[in-house]
Amino acid sequence: MSKIEAKIEAELVKRAKKRGYITYKLDQIPGQRNNPDQLIINNVRECIHVEVKRKDLKPRPAQTAQHNYLSNKGQWVSILDDEADIEDILNLLT
């Protein structure tokens, strides 16, 4: 993960926790690859999976396949490439 992505992800986690949401870093699950970076859960059991990318990068094909798998299972998946979009993503959960 680049410094830019890490900065965006840290800000996402900070703002989610400020709202009282639970955050999980999904890329640290043993044996699991290509998951989105963060799982954000609000207080009414809604959740969104967030993939953090630099503006000039797209998800790898295996990541896109995992995103599609989650979406087909009824999960929200969002790609975040700009701190300015954090509130829009978090507002999906309210």
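Every number in this text was worked out from the coordinates using simple rules, so none of it is lab data. Predicted, not measured: the structure shown is a model, and the values here were computed from it. Methodologically, a virtual Cβ is constructed for each residue, glycine included, from the backbone with ideal geometry; neighbour enumeration extends over all protein chains shown.
So how much slack lies between Tyr24 and Ala62, counting 0.36 nm per residue of separation and subtracting their Cα-Cα distance, in nm?
Details: separation 38, 0.36 × 38 = 13.68 nm, distance 2.05 nm.
Fully extending the segment from Tyr24 to Ala62 adds 11.6 nm.
Hey, got the dipole for the chain? About the Cα centre, +1 on K and R Cβ, -1 on D and E Cβ, debye to the nearest 20?
Values: 16 positive and 14 negative charges, 58 e Å.
Roughly 280 debye, rounded to the nearest 20.
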Divide by every residue of the chain the summed helix terms, -39500 (n - 2.57) for each DSSP H run of at least 4, and state the resulting mean residue ellipticity at 222 nm, rounded to the nearest 500 deg cm²/dmol. -11000 deg cm²/dmol
If unit charges are put on Cβ atoms (+1 for Lys and Arg, -1 for Asp and Glu) and the dipole of the chain is taken about its Cα centre, the option from Asn72, His49, Pro30 lying farthest towards the positive end turns out to be Pro30
Residue-by-residue Karplus 3J(HN,Hα) for the range 27-42, coefficients 6.51, -1.76, 1.60, Hz, glycine and proline x: 6, 9, 7, x, x, 10, 10, 6, 5, x, 5, 10, 10, 10, 10, 8
State log₁₀ I(q)/I(0) for the chain at q = 0.13, 0.16, 0.20, 0.23 Å⁻¹ as given by the Debye formula over alpha-carbon point scatterers of equal weight, solvent excluded. -0.39, -0.61, -0.98, -1.30
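Given Cβ point charges of +1 (Lys, Arg) and -1 (Asp, Glu) and nothing else, what value in debye, to the nearest 20, does the dipole of the range 33-80 about its Cα centre take?
Values: 8 positive and 4 negative charges, 33 e Å.
For the range 33-80, the charge dipole is close to 160 debye.
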